[in-house]
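Peer 1: Just passing along the structure, written as structure tokens.
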Amino acid sequence: MRSLPVLPMPAPEPPTAARYSRREVVVMGLFALAATAAESGCAVDKRALDAFVQQHFRDLSPEELKQRLAQMEKRYTEEYGKNVRVSATPPIPGVLYGYALDLSRCIGCRKCVYACVDENNQSRDPQTHWITVLEMDKEHGVDLLRANAFYDHETVPAPGKFYMPVQCQQCDNPPCVKVCPVEATWREPDGIVVIDYDWCIGCRCCVTACPYGARHFNWTKPGLPADQVNPNTEYLGNRPRPRGVVEKCTFCIQRVRNGRYPACVEICPVGARKFGNLLDPEGEIRYIIENKRVFILKEELNTQPKFFYYYGL
Amino acid sequence: MSLHKSRHLTGRGSHATSSTCRLHASSEVATRIADILHTPRSRFRLVVALGCGALPLQTACRPVEEAPSRYASAQEPPPRVVRAQYPVAPPPFSEDIFPCSECHSPTDKVNRTPHKLEFHEEIVLRHDEKNRWCLDCHDAVNRDQLHLADGRPVKFTESYRLCGQCHGPTLRNWQAGEHGKRTGSWSGDKQYLLCASCHSPHSPRFKPMKPLAPPVRQEHIR
């Protein structure tokens, strides 16, 4: 067997005694800048400076995280005039969240869409919806090319139509995570794909990578009236977002990590939405997967969603 | 050693089998084997192939009792916990209508033949109305409870047992959490809604409702 030609490698650089990491250099530079600015009497936005030299969420020590959460709470409380709490609840060991949606029951009332907006502090104007309800013809079955998200009937369900709500499918093999150039989005151990809004650079690669249209970009500062803010927030979930970052459904991380059902499950008037632990053999999700006609959306893409559609009837 | 032996066998075989077709074929096989065994690598391959081939054979030769029981669970799923009582929301009575015994006395004379009522006109039965009427579910003697088809009484808080007489699979799904909505905690205590909390027992089909506003089209977002 012929061996492949080996290119001559340059000799490794000898380690220098005083090498600075990129981060340290940036910090030093900024301090120098800040010192100059302070001397010259310019007002320096300390917050912006802190935000610029921050660490990745997963590299924070517990003390740093606590400090960061406290800063955020202070900032949001000032901004919205109510006591906003920001927590970073860790995932529960032995839990993998799964979601099931009964297509034969959904009537397309869009109650879930607006419950989600209220719960997760989405922008009211310009409008951001994490859930899109698609209306399709019973005659043609699930055909996304014939789907209509803008239906506006007097009453639903309209004759001959069925409804398919689509939101983040919390893929086990998420394309959005793969494309992120800065690792601002990742899959948590309990299966929820989360975004660190402070790390996102707004390149929108994930928006295009997601085959479900589940990611949304904040083109402007989200229009969130102070009286409509949900003060119970999560760092990786529903805390108010800045301009220029991407956001998406997190299965209501702030609720489910505390044992509650997502807001869309609780609001559904026909009980079409089911939620639970996929690893619990006695749970309702496992019952549905074992006993019902279950399918996942765009199975051929190997995204491995944990969001299961099924026909209960 | 074995290599020499097989070669020797081949030679002998080719001489002896020229008469019959069958023997000729076997000698060809022997020649092939000899060829295969010629190099160390091919010998190794043969040993691996024989080993792999022998593995399933060994499994097949095992007595049936020792067969792995990994399919047993598929045949007999573990029994699901079916509780006698479920934590349900209070029954959705119309205002000021319960207890029924405030108007109906157990000593009242009851006309048990299906007929049109002069009271409760607001109730329109759209639930197998051709075959059923009030007293098929409501108890004629104790008005504050219901009764099953065999006459056993059922409380309003356990009305799912009554519904399950006809809607068996639905009751099963409801018990498992597939049918209907459960509130509370996904990991802990849950509250079930009674069948009647969502479906009016007298007219169970869901009524159409007005949908909330459609999303703003992207081209209109400013």
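The values are calculated or read from the model by the stated rules, or taken from the named source; none is laboratory data. Just so you know, these numbers come straight off a predicted model, no measurement behind them. Neighbour counts are summed over all protein chains in view; Cβ atoms, including those assigned to glycine, are modelled from backbone coordinates with ideal geometry. Side chains included, ligands, DNA and RNA excluded: accessible areas come from the protein's heavy atoms. Shrake-Rupley method; radii C 1.70, N 1.55, O 1.52, S 1.80 Å.
Peer 1: Any chance you could check the Cα centroid distance between the range B:131-209 and the range A:221-278 for me, in angstrom?
Peer 2: 32 Å
Peer 1: Right, another one. Rank these by accessible area, largest first, 1.4 Å probe: A:Ile107, A:Ile288.
Peer 2: Greatest to least solvent exposure: A:Ile107, A:Ile288.
Peer 1: Next question, about the same structure. For B:Trp133, what accessible surface area do you get with a 1.4 Å probe? Give it in Å², rounded to 10.
Peer 2: The accessible area comes out at roughly 30 Å².
Peer 1: May I pose another question? What trypsin sites (Lys or Arg not before Pro) in the range B:129-217 are in a loop by DSSP, with at most 16 other Cβ atoms within 10 Å of the Cβ?
Peer 2: B:Lys130, B:Arg132, B:Lys155, B:Arg205, B:Arg217
Peer 1: For chain A, with a Gaussian network of springs between Cα atoms less than 10 Å apart, report the residue from A:Arg23, A:Arg215, A:Arg257 with the top mean-square fluctuation.
Peer 2: A:Arg23
Peer 1: From the protein chains alone at 1.4 Å, what is the descending order of accessible area for A:Thr132, A:Thr250, largest first?
Peer 2: Ranked from most to least accessible, the order is A:Thr132, A:Thr250.
Peer 1: State whether the range A:109-160 is rounded, prolate or oblate according to the following rule on the C-alpha gyration tensor (a ≥ b ≥ c being the square roots of its eigenvalues): a/c under 1.5 gives rounded; otherwise a/b larger than b/c gives prolate, and the remaining case gives oblate.
Peer 2: Because a/c hits 1.5 or more and a/b exceeds b/c, the range A:109-160 counts as prolate.
Peer 1: Could I ask something else about it? Compute and list, largest first, the equivalent-ellipsoid semi-axes of the range B:91-184 from the alpha carbon gyration tensor, each √(5λ) rounded to a whole angstrom.
Peer 2: Value: 26, 16, 14 Å, ordered largest first.
Peer 1: Please compute the per residue accessible area over chain A with all protein chains in place, 1.4 Å probe, rounded to a whole number of Å².
Peer 2: Numbers: 15940 Å² over 313 residues.
The answer is 51 Å² per residue.
Peer 1: I need the phi-derived Karplus couplings for the range A:225-233: 6.51 cos²θ - 1.76 cosθ + 1.60, θ = phi - 60°, integer Hz, Gly and Pro marked x.
Peer 2: x, 4, 6, 9, 6, 7, x, 8, 10
Peer 1: Taking only protein heavy atoms and a 1.4 Å probe, what accessible area per residue, in Å², does the range B:85-222 have with all protein chains in place?
Peer 2: It amounts to 68 Å² per residue over the range B:85-222.
Peer 1: Scattering from the C-alpha atoms of the range A:68-313 alone, worked out with Debye: what is log10 I(q)/I(0) at q = 0.11, 0.12, 0.17 1/Å?
Peer 2: Result of the Debye calculation: -0.57, -0.69, -1.40.
Peer 1: Shape verdict for the range B:151-222, please, from the Cα gyration tensor: rounded (a/c under 1.5), prolate (a/b greater than b/c) or oblate.
Peer 2: prolate
Peer 1: Right, another one. Relative to the Cα centre, what is the charge dipole magnitude of the range A:68-313, using +1 at the beta carbon of each Lys and Arg, -1 at the beta carbon of each Asp and Glu, and rounding to the nearest 20 debye? List each step's numbers first, then the result.
Peer 2: Details: 31 positive and 29 negative charges, 62 e Å.
Once rounded to the nearest 20, the dipole reads 300 debye.
Peer 1: Another one. What accessible area, summed over both chains, is buried at the B-A interface (1.4 Å probe, Å², nearest 100)? Walk me through the numbers before you get to the answer.
Peer 2: On the way: alone 18570 and 17500 Å², together 32780 Å².
Accessible area lost upon association: around 3300 Å².
Peer 1: As a test question: what accessible area, to the nearest 10 Å², does A:Thr155 have when a 1.4 Å probe is rolled over all protein chains in place?
Peer 2: Looks like 70 Å² after rounding.
Peer 1: Identify which of A:Gly202, A:Gly276, A:Gly141 has the largest mean-square fluctuation in a Gaussian network model of chain A, with springs joining Cα atoms closer than 10 Å.
Peer 2: Looking only at A:Gly202, A:Gly276, A:Gly141, the largest GNM fluctuation is found for A:Gly141.
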